[in-house]
Protein chains: 4
Amino acid sequence: MTRPLRYGMVGGGQDAFIGAVHRHAMALDHHYAFTAGALSSTPEKARRSGAALGLPDDRNYPTWEAMLEAELARPADERIDLVVIVTPNHVHYPVAQAFADAGIHVVSDKPLVHTSQQADDLVATVARTGVVFGVTYNYTGYPMVKEARALVRDGAIGALRKVIVGYHQGWLATKLEDDHQKQAAWRTDPARSGAAGAIGDIGSHAENLVATVTGLEIEAICADLTTFVPGRRLDDDGNLLLRYRGGAKGVLMASQVEIGHENDLAIQVYGETGSLTWRQEDPNVLWHAPLGEPTRLLQRGTPYLGEDAKRFTRLPSGHPEAYLEAFANVYREVAGAIRRHTAGDEPAGDFPTVRDGARGVRFIERTVASAASDAKWTPF
Amino acid sequence: MTRPLRYGMVGGGQDAFIGAVHRHAMALDHHYAFTAGALSSTPEKARRSGAALGLPDDRNYPTWEAMLEAELARPADERIDLVVIVTPNHVHYPVAQAFADAGIHVVSDKPLVHTSQQADDLVATVARTGVVFGVTYNYTGYPMVKEARALVRDGAIGALRKVIVGYHQGWLATKLEDDHQKQAAWRTDPARSGAAGAIGDIGSHAENLVATVTGLEIEAICADLTTFVPGRRLDDDGNLLLRYRGGAKGVLMASQVEIGHENDLAIQVYGETGSLTWRQEDPNVLWHAPLGEPTRLLQRGTPYLGEDAKRFTRLPSGHPEAYLEAFANVYREVAGAIRRHTAGDEPAGDFPTVRDGARGVRFIERTVASAASDAKWTPF
Amino acid sequence: MTRPLRYGMVGGGQDAFIGAVHRHAMALDHHYAFTAGALSSTPEKARRSGAALGLPDDRNYPTWEAMLEAELARPADERIDLVVIVTPNHVHYPVAQAFADAGIHVVSDKPLVHTSQQADDLVATVARTGVVFGVTYNYTGYPMVKEARALVRDGAIGALRKVIVGYHQGWLATKLEDDHQKQAAWRTDPARSGAAGAIGDIGSHAENLVATVTGLEIEAICADLTTFVPGRRLDDDGNLLLRYRGGAKGVLMASQVEIGHENDLAIQVYGETGSLTWRQEDPNVLWHAPLGEPTRLLQRGTPYLGEDAKRFTRLPSGHPEAYLEAFANVYREVAGAIRRHTAGDEPAGDFPTVRDGARGVRFIERTVASAASDAKWTPF
Amino acid sequence: MTRPLRYGMVGGGQDAFIGAVHRHAMALDHHYAFTAGALSSTPEKARRSGAALGLPDDRNYPTWEAMLEAELARPADERIDLVVIVTPNHVHYPVAQAFADAGIHVVSDKPLVHTSQQADDLVATVARTGVVFGVTYNYTGYPMVKEARALVRDGAIGALRKVIVGYHQGWLATKLEDDHQKQAAWRTDPARSGAAGAIGDIGSHAENLVATVTGLEIEAICADLTTFVPGRRLDDDGNLLLRYRGGAKGVLMASQVEIGHENDLAIQVYGETGSLTWRQEDPNVLWHAPLGEPTRLLQRGTPYLGEDAKRFTRLPSGHPEAYLEAFANVYREVAGAIRRHTAGDEPAGDFPTVRDGARGVRFIERTVASAASDAKWTPF
């Protein structure tokens, strides 16, 4: 067994949500050791959070800048292998840029950064330094998403015609950001969240899911963004018509005011000879409707699935896997890439990279531009 | 027990689909007697079809014009009370116009006619002659659609924010019209179907369902229509963004190339304090999600439903009702209106009228206009 | 078009439930004319009910005896062709016996009679007079039940191993019979309902469904019957282990106190190479799980189904059919048999006959016997 | 942060299934350190497996006896805190007995042991030494099972009347044990699995689920066990009628030959004023049907749930949790109990104990006895 990769986390302290998810997901396959952290933008809180999580005092940093400096000062065989960025969005760029520039691998939460300019910078830095850079579009880690991707790629539903993707939530149907709810507060604050609300937070997941499963490239966007909750500063609902290169069409819906939905990400892909349907809240199954035949219910963990789905499956069929395992699948692939990088091999892997992240940022930008435009179609 | 209303049917002969559905639906409550018919545009086929269905020879007409003339020549107490038009769309207008003008009540299939000009003519004729005029937007006859309408009206989900409606079919995923399939042939022929394909045939049902349940009025449309099957002459897929008066938003999808869907009409209505979800293929239930509480599964036939749902329910809960009963509910209401008209009362009823039909035609027209426009929003 | 069959109904007057269902189902295909009736055991109520339903005065009888006598006095070409018995159970036997004996065809509701002795009498009478005798185990009229039967027969799931059937209701969870609810009152009264409550009323439907779909013959029964509601005089819950000839096993559950269920009849059939699952409240689909392959969702109205399912289908796929059509399918087959009888042909048809009814009575008797026995297995 | 508990694992080497699940579940909350192991009954394979998993050479034992001896020889602050037994069933007893006797805490997989005599021995040993002893009836670790238990306890569905529990699998529908499938081989071998097949392997889970949710105590059992696959040496299908103290009734089904089911454990609990339904393959929801009101869909992670459900929830609603987290919940509670034991407090916790395990063994024994008996009811 090879040694665990040492990681330093930025963000993810007390009151945070997603940081703990990352730590659990990283722990699942024993590829990672939680070695260092700068867990909050408030130094005191950062230190308090790190102590509570058992970080050794000398690697429990008050700031990410301190972490970067101190870790670089350590010998290479003690230094963190990667930084994991789980802060609000506006912090992603400086941290990712600094660590990637220093040759430390990076995993960043999504959306990657605030602007395409920043994204292009990161892409350039990664190209120059060769670090591994993962972006946690975690939903593409589900085995049945891998199966959907394989079925599309292998022609099981023929040439693609249409995609409907929706990411439906209801948790921001009221002005939760006024109740000192931290998750709501930063997500609705343009300074921290970026130019978009629902479209940035969850619409970009939907974009990534479509791109992963279908490989389709957006040609033009027609977006209508709405802020339904009075006084909110960013969109909480967005609906898009999409044109893909080659003639396929799309509908993308992302909302955080649709009461009755929890975290309802779902995709339907229609081709000339069949369709596929998958839903995140029921992730162990994939529906495949072949033209003129009964619809088939494909289940995770069964022998009839393809290699990709099998490779990302941990438990037998009927023993449900869920969000945590999908998240861990992204990290398992990142670990493999880092190990290959260390071994001098091509650091490839089946995970979303900085390029996916950059495309996601561009998606948000062009959606916001379309929403502000009187023209029907805004080129991508 | 009052006497059954005598009806003459135009269209609905051999090889037709929807004519028999109308006849079954009309028979269900014993309000109607099938008295006369001109069942095909081919006189010989019309006569053959009528004979097979047991029409007496002297009221088994070769053409609708012959039916109109002969019926008017009969004494009033023998004459048909209403004409039922179940032809391809292009025949609706002349027949409806002629019979309404002659003071005979009309039920027409949808979409009402090809153009708003024709629709306005019919509205004017109806206003002048006072006949009862029903349009068989049959899906609004379902009891749980009535319940959804009542819940919205009574404020159960608060001020409306958003509607998602989809009418998903897959039966035209291949070029069925080349296989001498009569239903496919006329629906994809602009001369018979009108200016739109999927949007006219099923998108107009979706429009009517939203209007019925929510009362929302469309302010502007942004449409993308596609013909996916090569050589087809009308759209087989349409996706719309909608703006309603007062600020609500909508997404409307209508497709006949989405393999895996049979007749999948579904609506989700989101308000400030809850949401409602209903699906035609599972029509006996309605989902109601109140803010902050568990989602509720409302079932037809239960004591906790409102008066409207109860009034349109025939069987106890768990004894499923379906398409036929919903269709019959429209006809039951039309019968009531005709009887009230005969009695000299206001011929009101809970059924789609010529005005709903006219709005549906306008919806199709404006959608086609939007699809041809570079402007994002086409006013309604 | 041949003439409608004239029927006289016994029972089904005001306050009744199932009589109206029979009338609607019979009307659906225009094979029947409602010609005579003795609609209540209370002569005055019988007459009042018949008048409200439009029966002519001279065929609106105060009692079934009067109806029998008067109809027999009419010339054959005016006389009713069949009697339809929709009374509480205890009335089935004398009426069925008298009309069958007189050479008039019979349709009776289920369970057929109170005792196997009565059932044997009826079987003998039918054998002697040759009348058509249908029993309205209506659930076997569903097209997807026909499909399940065909798949089993054609070996699609291999040799049968096990059947689980449940008929779950909750409407008698409280002592509704004390509230002057007529349906509850007679069903919980041994004098009218017979020796069993839930097992007779709905358990016999479950037995019939298994026999229809699988052809399995019960060898022995192990039953536990319970009366949960204090003061109730018959069982309101029954659970059975079953042994079938040839080695298959079964579980049969019938309850009227399972809150949350409306009319939830469901069957699962397991064979050596696959399984089938069908549920009455979602009747348009049938699940087929072949060994080692994805489960398939079979839908009514599709081209891939067998001939039996197609023959009993009226509407295209996605246009749901339900309880009424299934009921009408039974009557359509009975009509065919009567017409064949009239033509001097073998009066066969795909409907439950007096023999199915007799087997159902025996099922109830043996279940009650098993429940009273300390022996595990009571032979059938 | 307190130190992780050191555990030694017995079984769970290469080709094993459930050992890895235990290790992942134990790792999830960082309460445990994988410190020692005797991972196979074949010493060479044990050593090879331990090496592959990174066990240090001096704690990678060839046998569990060697592990016990060597660990006891270590100073207390190095010694393993607990043993985790994940072997085939026949090994549970000697290992559990030896370690418990030595004062080392125990977690054992289910069913606990082969006979009630063995179970009683273990209960006595635990009573004497005071060790913490958990049994991994993992399905009771699901948050919505906790919610169901709380609702029953708090009277939300009134006095209990009936329970239906099923554990449906299809993976042993063919003679898999002949294909060198290790999981199938030992489970169908009486020497290793015990006196029962499906009833022991999965029926005991069903028994535990009912006991956990309802607190009902079995009074008598009526069982029918079947071996459907020719040549198999243990039952692969079992169906039971149950009588509980106080008058409630039950149906319990456990099968491994029901093709189409993966790991389909489901429970329905009916009371005087409502019912609850939960299914393991859709574990994040619980259905609650109150008498006379719409059925409610309760979702994990929502504010309206009770304290127990909340305490065992890790992710927000809509971010599905599954099998692994439920398993980890059992281990989290065991860790708490061990820590309380160490601190000198009462080692309580919300997890299945040796007493639950013993009752499960008795359930298997009495079921097998009932299946062999001609008497209908076998006392528990």
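When only residues in the stretch D:2-26 that are touching a helix residue (DSSP H, G or I) at 6+ places or on another chain (Cβ under 7 Å) and open to solvent by 20 Å² or more (accessible area, probe 1.4 Å) count, which is farthest from A:G54 (Cα to Cα)?
The selected residue is D:D15.
Does the stretch B:297-308 contain any residue that is of a type in the set (G, A, S), within 12 Å of chain C (Cβ to nearest Cβ) and open to solvent by 10 Å² or more (accessible area, probe 1.4 Å)? Steps first, please.
Pass one, the stretch B:297-308, residues of a type in the set (G, A, S): B:301, B:306.
Applying the additional criterion that residues be within 12 Å of chain C (Cβ to nearest Cβ) yields B:301.
In the following step, the residues that additionally are open to solvent by 10 Å² or more (accessible area, probe 1.4 Å) were identified as B:301.
Yes, because at least one residue in the stretch B:297-308 is of a type in the set (G, A, S), within 12 Å of chain C (Cβ to nearest Cβ) and open to solvent by 10 Å² or more (accessible area, probe 1.4 Å).
Do we have any residue at all in the stretch B:337-358 that's open to solvent by less than 20 Å² (accessible area, probe 1.4 Å), more than 21 Å from B:D81 (Cβ to Cβ) and away from chain A (no Cβ under 14 Å)?
Yes, that holds for at least one residue.
Would it be correct to say that B:R332 is more than 28 Å from A:T378 (Cβ to Cβ) and over 19 Å from the mean Cα position of the chain (by Cα)?
Working: more than 28 Å from A:T378 (Cβ to Cβ): yes; over 19 Å from the mean Cα position of the chain (by Cα): no.
Considered against the rule, which asks whether it is more than 28 Å from A:T378 (Cβ to Cβ) and over 19 Å from the mean Cα position of the chain (by Cα), B:R332 comes out as no.
Of the residues A:V21, A:V91, A:V95, A:V83, which is within 13 Å of chain D (Cβ to nearest Cβ) and outside any loop (DSSP other than H, G, I, E, B)? If you could, list the steps in order and put the result at the bottom.
On the way: A:V91 fails: within 13 Å of chain D (Cβ to nearest Cβ); A:V95 fails: within 13 Å of chain D (Cβ to nearest Cβ); A:V83 fails: within 13 Å of chain D (Cβ to nearest Cβ).
Going through A:V21, A:V91, A:V95, A:V83 in turn, just one is within 13 Å of chain D (Cβ to nearest Cβ) and outside any loop (DSSP other than H, G, I, E, B): A:V21.
Could you check the stretch C:194-216 and list, in sequence order, the residues that are under 27 Å from C:Y142 (Cα atoms), small (G, A, S) and open to solvent by less than 10 Å² (accessible area, probe 1.4 Å)?
Taking the stretch C:194-216 first, the residues under 27 Å from C:Y142 (Cα atoms) are C:196-216.
Checking the rest, the ones that are also small (G, A, S) come to C:196-198, C:200, C:203-204, C:206, C:211, C:215.
Across the stretch C:194-216, the qualifying residues are C:A196, C:G197, C:A198, C:G200, C:G203, C:S204, C:A206.
Anything in the stretch C:27-53 that is open to solvent by 30 Å² or more (accessible area, probe 1.4 Å) and under 25 Å from C:A76 (Cα atoms)? List them, or say none.
Residues of the stretch C:27-53 open to solvent by 30 Å² or more (accessible area, probe 1.4 Å): C:29-31, C:33-34, C:41-45, C:47-48, C:51-53.
Within the stretch C:27-53, C:D29, C:H30, C:H31, C:A33, C:F34, C:R47, C:A51, C:L53 meet the criteria.
Which residues, counting only those in the stretch A:235-253, are farther than 21 Å from B:G238 by Cβ and either of a type in the set (G, A, S) or open to solvent by less than 10 Å² (accessible area, probe 1.4 Å) (or both)?
Within the stretch A:235-253, A:D236, A:D237 meet the criteria.
Looking for something more than 14 Å from chain D (Cβ to nearest Cβ) and within 22 Å of D:D29 (Cα to Cα) - is there at least one such residue anywhere in the stretch A:56-74? Reasoning before the result, please.
The initial filter retains those residues of the stretch A:56-74 that are more than 14 Å from chain D (Cβ to nearest Cβ), namely A:58-59, A:61-74.
Filter once more, so that each one left must be within 22 Å of D:D29 (Cα to Cα): A:59.
Within the stretch A:56-74 (the criterion being more than 14 Å from chain D (Cβ to nearest Cβ) and within 22 Å of D:D29 (Cα to Cα)), the answer is yes, since at least one residue qualifies.
Here is a check on your reading of the model: is A:A16 farther than 17 Å from D:H30 by Cα and of a type outside the set (K, R)?
yes
If you check B:E219, B:E281, B:E258, which single one turns out to be buried (at least 20 other Cβ atoms within 10 Å of the Cβ) and in contact (Cβ under 8 Å) with a residue 24 or more places away in the chain?
On the way: B:E219 fails: buried (at least 20 other Cβ atoms within 10 Å of the Cβ); B:E281 fails: in contact (Cβ under 8 Å) with a residue 24 or more places away in the chain.
Residue meeting the stated conditions: B:E258.
Taking A:R340, is it without any contact (Cβ under 8 Å) to a residue 60 or more places away in the chain and over 30 Å from D:L297 (Cα atoms)? Please lay out each step first, then the result.
On the way: without any contact (Cβ under 8 Å) to a residue 60 or more places away in the chain: yes; over 30 Å from D:L297 (Cα atoms): yes.
Yes, satisfied.
Would the stretch B:133-156 turn up any residue that is open to solvent by 50 Å² or more (accessible area, probe 1.4 Å), farther than 28 Å from B:G194 by Cα and in contact (Cβ under 8 Å) with a residue 24 or more places away in the chain?
Yes; the residues of the stretch B:133-156 include at least one that is open to solvent by 50 Å² or more (accessible area, probe 1.4 Å), farther than 28 Å from B:G194 by Cα and in contact (Cβ under 8 Å) with a residue 24 or more places away in the chain.
In the stretch D:311-326, is there at least one residue being among the small types (G, A, S) and more than 20 Å from A:H319 (Cα to Cα)? Walk me through it before giving the result.
Step one: list which residues in the stretch D:311-326 are among the small types (G, A, S), which gives D:317-318, D:322, D:326.
After this cut, where a residue has to be more than 20 Å from A:H319 (Cα to Cα) as well, the list is none.
No: the stretch D:311-326 contains no residue that is among the small types (G, A, S) and more than 20 Å from A:H319 (Cα to Cα).
Looking at the structure I just gave you, is C:R59 modelled with pLDDT of 95 or more and open to solvent by 50 Å² or more (accessible area, probe 1.4 Å)?
On the way: modelled with pLDDT of 95 or more: yes; open to solvent by 50 Å² or more (accessible area, probe 1.4 Å): no.
No, not satisfied.
Looking at this structure, is A:D264 open to solvent by 40 Å² or more (accessible area, probe 1.4 Å), modelled with pLDDT of 95 or more and within 14 Å of chain D (Cβ to nearest Cβ)?
Working: open to solvent by 40 Å² or more (accessible area, probe 1.4 Å): no; modelled with pLDDT of 95 or more: yes; within 14 Å of chain D (Cβ to nearest Cβ): yes.
Here the answer is no, as A:D264 does not meet what is asked.
The values are calculated or read from the model by the stated rules, or taken from the named source; none is laboratory data. Since the model is a prediction, treat every value here as computed from it, not as a measurement. For neighbour counting, all protein chains shown are included, and Cβ atoms are generated from backbone atoms with ideal geometry for every residue, glycine included. All accessible areas refer to the heavy atoms of the entire protein, side chains included, with ligands and DNA or RNA removed. Shrake-Rupley method; radii C 1.70, N 1.55, O 1.52, S 1.80 Å.
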